[in-house]
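Written out below as structure tokens is the structure these notes cover.
The values are calculated or read from the model by the stated rules, or taken from the named source; none is laboratory data. Every value quoted in this text rests on a predicted model; they were computed, and no experiment measured them. Positions of Cβ are backbone-derived with ideal geometry, glycine not excepted, and every protein chain shown enters the neighbour counts.
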Amino acid sequence: MTAPAIQVQAPLIQLNGITKVLKGQEEPRTILSGVDLTVHPGQSVAILGRSGSGKSTLLSLIGLFDRADEGQYFLHGNDITKLPERKAAALRSAEFGFVFQRFFLLKHLTAAQNVAMALVNGQGWSSRRKRKQQVMEALEQVGIAHLAKSKPARLSGGEQQRVAIARALVRQPRVILADEPTGALDTETGNLVVEVLLNTTRQGCGLVLVTHDHDHARKMGRVLELRDGRFN
Amino acid sequence: MFSGKLRSALVIGGQGIRARKLRTFLSMVSLFLGVLAVVTVQAGAEIAERAMLTDVELQAGKDGTVTGYIPGEKGAPGIVEATLKGRADAVAMISSKAIIGEPGLRPINEGGMPFEYANRGGDYQGPMVYCDAGGVCQEQKPQEKKPDGQAIEVSMVALTGDIRPFKPFRPVSGTWLDFASAPSLAPRIVLNEEAAKGLRQYRVPGEMMIDGATHHVTPQIVGVVEDGYPQPRVYLRLDELRTWMPAAAASSELDRFRGGGTGLEVYLQPGSHDLQQLLKAKLIGAGVDQKQVEFRVVNSKERMESELKIMRLIFLGMAFLVLLIGVAGILNVGLATVGERVEEFALRRAVGMSRMLLAGIVLAETLLTGLLTAALAIGAGAAGLQIALTLFGHRFPSLQGTTFPWEAGVAGVIAGLVAGVLGGLIPAIRAARIPIATVMRA
Ligand SMILES: Nc1ncnc2c1ncn2[C@@H]1O[C@H](COP(=O)(O)OP(=O)(O)OP(=O)(O)O)[C@@H](O)[C@H]1O
Ligand SMILES: [Mg+2]
């Protein structure tokens, strides 16, 4: 009997020596210099760092909002360092879910329509019934299915952020990227939101959480601190 | 895949327009005026051109028609009549003098002039000298003065067929001559407006005297037409004329000098070259001077268009200025909207919308607005024209039967499209350039 082959699963996200230089009017400023990061499916990572240390910048590189100047980026072992924008858009739709400090709900749309926004983005098409079903599942997952028809103006901050999380989850992404999702919430509501996010990792989702709150950071599987453009 | 993009665009565009109804409406108002200006200028120019063309065609004949003026001497009328008999592609007008009214009197408008000028010129009856081609001159005795009375002089135009395919006479009242039926013994005549005016004004007896006719006749008037001539004229079928004036009266050079005699006009359809040659050969064979048998092609449209072109350009330039203001309005609103929707657009791209689709949606929203506006403006233009025609149409006979020219509709759609593209392109490019990371720093 031969020894069972060890199933080496490629990491969800692998960053090698990521560098980002900001080219403004003044002389170029290096925001990130040689960041390494690996996230496996079901793993959660907290990123700490003082304001201006480059946390959001790093998240925008992981989420393919922007490209690194140096280094390599592998997603499921595929090199996507130099992906053209059209394909990046498709990956943002299929692989990532985003949650931001401000909720960014469109105020002329209901909670359900705001969640459906991630489905109506030109990346494939599903019937109205299918969409409704997906939207309701996502809203149930964050515990606010009963608010589906409410406009954002009539929702509390915590409820709005949960609508935003439902929007991130509705396409069942493999990675959730959250940039200070509790920043605008009180402690209790913030805890609730972090619980909702952690729940997603139990279904194999990767989670990268940028936060200033050490209590929230401690709930993650790993805590990294960004300083002088790198983790130490 | 494509349908996914299109359907997404429809859903998002619909949501966007619904959320900004007032703004969409306001940008439409300015554009509406611009497109309406273009439509109006285009429609106005088309209608003016058509009206002018029908007036010109009334006198000179339809564009492309071949016309020939042939002296009515040396048996020419008979030759033309025999050659054109039964042909639909050519018609001859043989005109001579006729007097309607009491016999033996001097007509009110001697010489067949318009009634406006009748009895104005005084009675100059000085000596007249006529010289023939050989240089032999002789003095003409003044014609014996007939007593004035209730009679009018008209040009009597006998037709070998229906002239209207060549000259678009406009009906005023009654009917036009019927060339299909058997010739009637009592000749049917159609008056032009001036002749009708003379009959109405002077209440002359309905008896007609024709040079060279065997006896007087009482014609039946079947209708009145507008023919573009200021002089009084009556039209009748040549074959009906022949029933009481058997031979074509050939006129001499001297007759023509006096302003009388027989005149011959031939109208041929474009491309009837063989018929032209045949007529020419026969006439010259009969002894008509070759130089006097000339055919020429009517090209009134070409001459007129060059005159209209400058006017049209000036008005079109003004319309484009108005349209430009409309475009500036739509552009202004479009840019303001993009500024307001920066976060929405960044967010849409963050959740996976491609840059092209986003730009496409922004462009499509203004394009749709532009086309909708164009449709409204074209509708308004067409309705306005209808209203104007029912109110004022009867004053301008050449505008009768005018419909909204399709060229104006096309111009409106193009103006709407151009305005939509011009007004939507810059906002679309702006929208596509918004960095996605905006959502992290707002
Ligand atoms: N578009 C930009 N223009 C100018 N400077 C920028 C831009 N983006 C980022 N920066 C700069 O890069 C640095 C890192 O910014 P980043 O937003 O990543 O910090 P952060 O760690 O997320 O801070 P915070 O905790 O306050 O959100 C900052 O100094 C910021 O001023
Ligand atoms: Mg930040």
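Some notes on this structure:
- Selection status of A:Phe74, touching a residue at least 60 places away in the same chain (Cβ under 8 Å), outside any loop (DSSP other than H, G, I, E, B) and more than 16 Å from ligand 1 (Cβ to nearest atom): yes
- Just one of the listed residues (B:Ala374, B:Ala359) is in a helix (DSSP H, G or I) and more than 30 Å from A:Leu64 (Cβ to Cβ), and it is B:Ala374.
- Flag if B:Glu344 is charged (D, E, K, R), more than 14 Å from B:Gly423 (Cβ to Cβ) and within 14 Å of another protein chain (Cβ to nearest Cβ): yes
- Inspection of segment A:6-18 finds a residue satisfying the criterion of being in contact with a Gly (Cβ under 6 Å, 6 or more places away or on another chain), within 16 Å of ligand 1 (Cβ to nearest atom) and not in a loop (DSSP other than H, G, I, E, B).
- Residue list for segment B:10-42, restricted to those being away from chain A (no Cβ under 14 Å), over 34 Å from the mean Cα position of the chain (by Cα) and surrounded by fewer than 20 Cβ atoms within 10 Å (Cβ to Cβ): B:Phe25, B:Leu26, B:Val29
- Tallying residues that are of a type in the set (Gly, Ala, Ser) and within 16 Å of ligand 2 (Cβ to nearest atom) within segment B:407-442 yields 2.
- Residues that are small (Gly, Ala, Ser) and either within 16 Å of ligand 2 (Cβ to nearest atom) or surrounded by fewer than 22 Cβ atoms within 10 Å (Cβ to Cβ) (or both), drawn from segment A:165-189: A:Ala178, A:Gly183, A:Ala184
- Qualifying residue in segment A:217-225 (condition: of a type outside the set (A, V, I, L, M, F, W, C), under 21 Å from A:Leu58 (Cβ atoms) and within 16 Å of ligand 2 (Cβ to nearest atom)): yes
- Condition check for A:Leu58: within 16 Å of ligand 2 (Cβ to nearest atom), assigned to a helix (DSSP H, G or I) and under 22 Å from A:Ile165 (Cβ atoms): yes
- When segment A:116-160 is filtered for residues that are more than 14 Å from every other protein chain (Cβ to nearest Cβ), among the hydrophobic types (A, V, I, L, M, F, W, C) and assigned to a helix (DSSP H, G or I), the ones remaining, listed by number, are A:Met136, A:Leu139, A:Ala145, A:Leu147.
- Check on A:Gly143, in contact (Cβ under 8 Å) with a residue 24 or more places away in the chain and over 19 Å from the mean Cα position of the chain (by Cα): yes
- Considering segment A:77-100, the residues that are within 16 Å of ligand 1 (Cβ to nearest atom) and either surrounded by fewer than 21 Cβ atoms within 10 Å (Cβ to Cβ) or within 21 Å of B:Ser354 (Cβ to Cβ) (or both) include one that is farthest from the chain's Cα centre (by Cα), namely A:Phe100.
- Residue selection: B:Ile314 satisfies the criterion of being under 30 Å from B:Val35 (Cα atoms), loosely packed, with under 14 Cβ neighbours inside 10 Å and not assigned by TED's automatic domain parsing to the domain that holds B:Leu84.
- Residues (more than 13 Å from chain B (Cβ to nearest Cβ) and of a type in the set (Lys, Arg)) located in segment A:162-216: A:Arg162, A:Arg174, A:Arg202
- The requirement of being under 23 Å from A:Gln101 (Cβ atoms) and either within 16 Å of ligand 2 (Cβ to nearest atom) or away from every other protein chain (no Cβ under 14 Å) (or both) is not satisfied by A:Gln14.
- Residue ID - modelled with the highest pLDDT, chosen from residues in segment B:232-248 that are crowded, with 18+ Cβ neighbours inside 10 Å and assigned to a loop (DSSP other than H, G, I, E, B): B:Pro232
- Filter result (in a helix (DSSP H, G or I), among the hydrophobic types (A, V, I, L, M, F, W, C) and without any contact (Cβ under 8 Å) to a residue 60 or more places away in the chain) within segment B:1-28: B:Phe2, B:Leu6, B:Leu10, B:Val11, B:Ala19, B:Leu22, B:Phe25
- As for segment A:176-184, it holds at least one residue that is within 16 Å of ligand 1 (Cβ to nearest atom), hydrophobic (A, V, I, L, M, F, W, C) and assigned to a loop (DSSP other than H, G, I, E, B).
- Condition check for B:Ala375: away from every other protein chain (no Cβ under 14 Å) and either touching a Ser or Thr at 6+ places or on another chain (Cβ under 8 Å) or more than 14 Å from B:Ala432 (Cβ to Cβ) (or both): yes
- Single match in B:Val327, B:Val322, B:Val410 (criterion: assigned to a helix (DSSP H, G or I), assigned by TED's automatic domain parsing to the domain that holds B:Ser30 and buried (at least 21 other Cβ atoms within 10 Å of the Cβ)): B:Val327
- Of the residues making up segment B:362-372, those that are buried (at least 23 other Cβ atoms within 10 Å of the Cβ) and within 14 Å of another protein chain (Cβ to nearest Cβ) number 1.
- Residue that is surrounded by the fewest Cβ atoms within 10 Å (Cβ to Cβ) [pool: residues in segment A:21-48 that are within 16 Å of ligand 2 (Cβ to nearest atom) and either within 14 Å of another protein chain (Cβ to nearest Cβ) or hydroxyl-bearing (Ser, Thr, Tyr) (or both)]: A:Leu22
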